[in-house]
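See below for the structure under consideration.
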Amino acid sequence: MANFGSDNAAGIHPKIIESIAAASTGTAPAYGTDRLTESVENQLADIFECEVTVLLVGTGTAANCIGLATLCSSVGGIFAHSEAHIVNDESTAPELFTGGARQFTVGGSDAKPSLLELGEAIDMVGARGVHSVQPSVIAISNLTELGARLSAIEVTAYAELAKSRGMKLFMDGARFANAVASGDESPAELTWRAGVDALSFGATKNGAMAAEALIFFNPAEATIAEFHRKRGGHLWSKHRFLAAQFEAYLENDLWLELATASNDSMARLRQGVASSKNASILAGGDGNELFIGMEQDIAKELEQRGHTFYAWPSLPKGYRLVTSFNTTDEEIDEFVDDLT
Ligand SMILES: Cc1ncc(COP(=O)(O)O)c(C=O)c1O
């Protein structure tokens, strides 16, 4: 039976488990001062082709919120799509970490924030001088929350808007690997070359146990970040085990291999769903997330047969299907057979 509930439901890739086990022999300095952490920082600098400041943490929420707190003060405003994870799925962590910065949401197809709405919202919010919230950050996600990939041109347009208003651009990259693997633009082209100031680069959903890298492309802007990490309780003492996960994840481009596997599974699933008269494709499918519309009784029947997936209430009769690096063709074919 298929589990398309979440890529968080997938296991840990064996190479990452081996790397954790290998790091467990002997002793190492704590709190990120170890050799493995330094090695991961160098790997990320190579992959992104620039000098970076890297903070490893164990959850995407921590990576996002430490990043936002670094770029946005307590009197600031963060502008994002209404579907954004930081808006809907991180409780009040963004408010906690930033000390009370306010989030503002806009619409836009495929969960890409509309540039027009962003510009209007930013100008309206900032219009009352000292009485206003200070517009500080535009936050985007790649993949977006509706499974679309942002191109470098699209990212550049957000960066230009942010720059024109004296703001920063933050990217939630919980599925950045899937975005890179589904196009032909490099990690650098999709981030700092397009104007991204900071990225949360996910690994957990794509084969790690619990590891996300918060990456700043302008190290001078990042000095306060490690204090936010410590203050928020996210500085791991046995930090080398976060680094061990990333070392294996990045070595020989395992991250791209795994993302390509989950994207390929999605392409197969998407084709199967497209050929079914019982469902329609509503959004996504660029990476490893697909949003489909179907009647409730069909969804129930699929669930009764043992398939797992979740409703997506913001879309009409919407359901989300997510593949992961270890999704099998058999799972997909069984689901498609049961759907049709
Ligand atoms: C877009 C996005 N950002 C960030 C996260 C990371 O969240 P968590 O704190 O659960 O690791 C997720 C996980 O579902 C996500 O989908």
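The values are calculated or read from the model by the stated rules, or taken from the named source; none is laboratory data. None of these values were measured; they are calculated from a predicted model. Glycine gets a Cβ as well: all are built from the backbone with ideal geometry, and neighbour counts include every protein chain shown. For the accessible areas, the whole protein counts, side chains as well, though only heavy atoms, and no ligand, DNA or RNA atoms are used. Shrake-Rupley method; radii C 1.70, N 1.55, O 1.52, S 1.80 Å.
Here are some notes:
- Cross-link partners for LYS317 among the lysines, with Cα-Cα distance under 19 Å and sequence neighbours closer than 8 places in the same chain left out: LYS277, LYS300.
- Each peptide among 105-112, 136-143 gets the average number of other Cβ atoms lying within 10 Å of its residues, and from highest to lowest they stand as 136-143, 105-112.
- Those GluC sites (Glu not before Pro) in segment 1-61 that DSSP places in a loop and that have at most 14 other beta carbons within 10 Å: GLU49, GLU51
- Residue-averaged 222 nm ellipticity for the chain, from DSSP H runs of 4+ at -39500 (n - 2.57), nearest 500: -12000 deg cm²/dmol
- Residues of segment 93-172: accessible area per residue with a 1.4 Å probe, Å²: 44 Å²
- Anisotropy class of segment 254-339 from Cα gyration tensor, a/c 1.5 cut: prolate
- Cα-centred dipole magnitude for the chain, charges only on beta-carbon of K, R (+1) and D, E (-1), debye, nearest 20: 1080 debye
- Of the solvent-accessible surface of segment 195-338, computed with a 1.4 Å probe and all protein chains present, 48% belongs to carbon and sulfur.
- Prolate/oblate/rounded call for the chain, Cα gyration tensor, a/c under 1.5 rounded: oblate
- Around PHE216: net Lys/Arg minus Asp/Glu count, Cβ-Cβ under 11 Å: -3
- Global geometry of segment 1-108, whether rounded, prolate or oblate, following the gyration tensor of its Cα atoms and the 1.5 cut on a/c: oblate
- Candidates PHE104, PHE325, PHE170, ranked by Gaussian network fluctuation over the chain, Cα under 10 Å, top entry: PHE104
- Which listed pairs, of LYS112/LYS230; LYS15/LYS238; LYS112/LYS163; LYS163/LYS205, have C-alpha distances above 28 Å, in listed order: LYS112/LYS230; LYS163/LYS205
- Antiparallel DSSP beta bridges within the chain, as percent of all bridges there, nearest 5: 50 percent
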